[in-house]
Amino acid sequence: MDTIISSQQIEVYRPRPLDQNPAAVYLAGLGSDKSRATMREALDDIARLLGSLDCFTCNWSDLRFQHTAAIRARLQETTSSRTGEPYSPATVNKMLCALRGTLKSARQLQQMSAEDYYNARDIKGIKNETLPAGRELQPGEIAALMQACENEPGPGGVRDAAMISLLYVGGLRREEIVNLNIESYDPATGKMVVKGKRRKERTAYLVNGAAWAMADWLEIRGGGPGALFWPINKAGVLTNRRLVTQTVYDMLQKRRAQAGVKDFSPHDLRRTFVSDLLDAGADISTVAKMAGHASVTTTARYDRRPEAAKQKAAGLLHIPYRGRR
């Protein structure tokens with residue numbers, strides 16, 4: 001891969017100790033192991049464009065505007081070594097976000113002047129006009145999933161019904177649902193305290209069927225401290241430990257097959273949660289808070305009402321084709 005910066009532009013660099021390394025300091029400040037792994041991968045890719053082995057051996061402090069502008073341009077035409085596909089606008093923006101964060105750490109470590117920092121970080125993101133991936137589930141599909149859980153005797157069906165309820169009515173991510181503790185839920189009010197990205201807390205409320213499903217699960221689980229949802233082995237025995245995110249994915253695939261529902265991802269339940277609330281007339285700023293979105297712009301990407309309006313508008317046009325008689 002051709003590098004953006006030649007050895008003549010930046011002198012041979014000896015990596016700094018981690019507490020003085022801008023990339024290491026930036027990554028340490030992220031809120032979760034998943035975020036750190038994602039952004040580490042992004043910084044490693046950028047570092048290789050700069051001729052370094054990885055993000056820890058790159059001299060980020062020597063970057064200037066001409067370098068970061070070249071990085072932005074190169075990322076738009078680079079193919080990912082992992083997928084073999086060009087980087088999407090969302091991926092490029094994520095990588096530029098990691099770059100800006102690392103430059104900020106270099107400035108805070110007093111390894112860049114204020115002028116050099118502000119100039120280097122002054123690069124625009126890539127416009128992203130793509131529709132969000134995935135699909136919304138129909139009410140009949142959610143009912144079929146719940147019926148599949150109810151049809152299974154033993155604790156597994158009860159636990160899964162409670163989990164699916166939370167994924168839908170609370171819009172929870174997989175990481176959020178496995179990190180719930182029993183103390184997170186107040187059965188008297190139906191209030192669930194959820195810790196989301198960057199350790200931000202928000203609330204979800206369980207009502208009607210969702211509250212009933214949770215009550216049934218708590219009766220089986222018992223009131224002991226620890227994770228809200230436990231693993232259950234093939235013999236139906238509960239184990240007092242925390243689930244992993246893969247378990248949530250596997251559970252949904254199992255219930256999907258039993259219910260005869262076409263393929264969907266765990267995030268599609270979150271997408272359906274946002275879309276259904278907006279369809280029902282909920283204010284978009286309220287929905288953004290319920291979903292844990294930092295901006296209503298993110299929430300708006302899941303709003304299917306404009307598509308329904310387009311479909312209705314298309315019906316106003318008429319093609320005078322009468323078919324083969």
- Rounded to the nearest 0.05, FRET efficiency between Glu219 and Ala143 (Cβ-Cβ, R0 22 Å) equals 0.45
- For the chain, what does -39500 (n - 2.57) per DSSP helix run (n ≥ 4), summed and divided by total residues, give at 222 nm, in deg cm²/dmol to the nearest 500? -15500 deg cm²/dmol
- Message: Over the Cα atoms of segment 139-305, each weighted equally, I'd like the Debye log10 I(q)/I(0) at q = 0.14, 0.15 Å⁻¹, rounded to two decimals.
- Response: -0.70, -0.81
- Counting other C-beta atoms within 10 Å, which of Val274, Val158, Val244, Val178 has the fewest, and how do the rest follow? Val244, Val178, Val158, Val274
- Task: Show which aspartates and glutamates lie in cross-link reach of Lys34 when reach means a straight Cα distance below 14 angstrom and same-chain residues fewer than eight apart are skipped.
- Result: Glu175, Glu176
- Of Ala28, Ala114, Ala313, which has the largest mean-square fluctuation in a 10 Å C-alpha GNM of the chain? Ala313
- Task: May I have the count of lysine pairs in segment 139-305 with C-alpha atoms under 16 Å apart, counting pairs 8 or more residues apart or located on different chains?
- Result: 6
- Message: Please state the shape class of segment 18-121: rounded when a/c is under 1.5, otherwise prolate if a/b exceeds b/c and oblate if not, all from the C-alpha gyration tensor.
- Response: oblate
- Query: Taking only Cα atoms, what is the 0 to 90° angle, nearest 10, from helix 33-49's long axis to the longest principal axis of the chain?
  - Reply: 30 degrees
- Message: Out of the trypsin sites (Lys or Arg not before Pro) in segment 213-256, which ones are loop residues according to DSSP with at most 14 other C-beta atoms within 10 Å?
- Response: Lys234, Arg241
- Message: Please return the longest range in the chain lying between exposed loop sites, taking GluC sites (Glu not before Pro), DSSP loop only, at most 12 other beta-carbon atoms within 10 Å, and leaving the sites out.
- Response: 130-325
- Centroid-to-centroid separation of segment 217-242 and segment 59-129 [C-alpha atoms, Å]: 45 Å
- If one compares the long axis through the Cα atoms of helix 65-77 with the longest principal axis of the Cα atoms of the chain, the angle in degrees, nearest 10, works out at 50 degrees
- Task: Starting with the fewest neighbours, write out Ser113, Ser165, Ser295 ranked by other beta-carbon atoms found within 10 Å of each beta-carbon.
- Result: Ser295, Ser113, Ser165
- Message: Cut-off is 10 Å between beta-carbons; in what order do His293, His67, His267 appear when sorted fewest neighbours first?
- Response: His267, His67, His293
- In segment 234-325, the chymotrypsin sites (Phe, Trp or Tyr not before Pro) that fall in loop regions by DSSP, at most 11 other Cβ within 10 Å: Tyr321
- Which whole-Hz couplings ³J(HN,Hα) result when phi for each residue of segment 174-181 is put into the Karplus expression 6.51 cos²θ - 1.76 cosθ + 1.60, θ = phi - 60°, listed in order with x for Gly and Pro? 4, 4, 6, 6, 6, 8, 5, 10
- Task: Could you work out how far helix 208-221 tilts from the main Cα principal axis of the chain, as a 0 to 90 degree angle to the nearest 10?
- Result: 90 degrees
- Message: List the trypsin sites (Lys or Arg not before Pro) within segment 78-119 that DSSP assigns to loop and that have no more than 10 neighbouring Cβ atoms inside 10 Å.
- Response: Arg82
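Values in this text are rule-based calculations from the coordinates and carry no lab data. The shown structure was predicted, so the numbers you read here are calculated from the model rather than taken from an experiment. Counting neighbours? That spans all protein chains shown, and the Cβs are built from the backbone with ideal geometry, glycine included.
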